[in-house]
Amino acid sequence: MVNPPALVRTLMRNRGLLWELTKRDFIGRYKGSFLGIAWSLLNPLLMLAVYTFVFSMAFRARWGVESESRVDFAIILFSGLIVHALFAECISRAPVLITSNPNYVKKVVFPLELLPLVALGSALGHFLVSFAVLIFFCLISFTPLHAGGLLLPLVLLPLLLIVLGLSWLLASLGVYLRDLAHVIGMVATIALFLAPVFYPISSLPPVYQSLLTLNPITLPIVQLRNLLLWGEPINIYAWAVSLVVGLLIFFAGFAWFQKTRRGFADVL
């Protein structure tokens, strides 16, 4: 079934299975390592240190914030990096979700459509850990935080819908096009530099600003900073448009996955 009610019924019927698979995916990634789950903290912190040094010291990049310090630059940069990491982790894993789980494909009763949701749930776990680190840095550096940050789930909702729709699409295509995983890795890197992660979008000419808005992580990054760090209101019009686009991609990706899943077992 490809209609939205069928998806809702699947999620409700398999919510326990979804939770257990997500928990196992998140914890199992660090199983056997010496530092364990601490790697989910060390990886973003290391990249933050490298990017802060390169862009604030070598390139002398600035956000245009009054009395901007290196700590302010790092906090603003980190808020963009964690949104990109959420997006990149999901779409990078999507092309191999089916091919790396052939046992699930052979089980007729297993709901394969849950696999992108499991990957998203694990990525959200890493995002929450990184977001807690961001809040901690803001507190110890006495950086003002604004109550608008409570709207973060609302801000991320369109992005999550887009990510899920793309994950279903890429997971299906990845069964038939094995080179897709390498292509998506490059796409994730391109998305990092074609979004206002390292620079303010206002620093670009207007024509390029419009192009950057096509990047699905641009609006969540801008609105996260506006709400949490700068106390500016949410852009309702831009958010509503992104939500409609997200819903279209979400249901189109799910329909594509359900229509093409019949050939998974034959290919694998």
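Against the conditions (1) surrounded by 13 or more Cβ atoms within 10 Å (Cβ to Cβ); (2) modelled with pLDDT under 90; (3) assigned to a helix (DSSP H, G or I); (4) not acidic (Asp, Glu), Phe136 satisfies every one except (1). Scoring Phe55 on the criteria (1) modelled with pLDDT of 85 or more; (2) surrounded by fewer than 19 Cβ atoms within 10 Å (Cβ to Cβ); (3) of a type in the set (Phe, Trp, Tyr) leaves a single failure, condition (1). In the set (1) in contact with an Asp or Glu (Cβ under 7 Å, 6 or more places away or on another chain); (2) at positive phi, Phe142 fails one condition alone, (1). Would you confirm, using the coordinates I've provided, whether Leu154 is part of a helix (DSSP H, G or I), surrounded by fewer than 17 Cβ atoms within 10 Å (Cβ to Cβ) and either touching a strand residue (DSSP E or B) at 6+ places or on another chain (Cβ under 8 Å) or touching a residue at least 40 places away in the same chain (Cβ under 8 Å) (or both)? Here the answer is yes, as Leu154 does meet what is asked.
If you filter the stretch 101-120 down to residues that are in a loop (DSSP other than H, G, I, E, B) and either in contact with a His (Cβ under 8 Å, 6 or more places away or on another chain) or of a type in the set (A, V, I, L, M) (or both), you find that the one that is modelled with the lowest pLDDT is Val108.
The single residue among Ile98, Ile162, Ile91, Ile82 that is out of contact with any Asp or Glu (no Cβ under 6 Å at 6 or more places or on another chain) and part of a loop (DSSP other than H, G, I, E, B) turns out to be Ile98.
With respect to being over 16 Å from Leu115 (Cα atoms), within 17 Å of the chain's Cα centre (by Cα) and either touching a residue at least 24 places away in the same chain (Cβ under 8 Å) or surrounded by 18 or more Cβ atoms within 10 Å (Cβ to Cβ) (or both), Leu164 falls outside the description. Which of the numbered conditions does Leu214 fail, given that it passes all the others? Conditions: (1) surrounded by fewer than 21 Cβ atoms within 10 Å (Cβ to Cβ); (2) in a helix (DSSP H, G or I). The number of the failed condition is (2). Can you name the residue in the stretch 18-33 that is modelled with pLDDT under 75 and within 13 Å of Gly125 (Cβ to Cβ) and, of all such residues, is nearest to the chain's Cα centre (by Cα)? If we take residues in the stretch 18-33 being modelled with pLDDT under 75 and within 13 Å of Gly125 (Cβ to Cβ), then Arg29 is nearest to the chain's Cα centre (by Cα).
The values are calculated or read from the model by the stated rules, or taken from the named source; none is laboratory data. Remember, it's a predicted structure, so these values are computed and weren't measured experimentally. Virtual Cβ from ideal backbone geometry, glycine too; neighbours counted across all protein chains shown.
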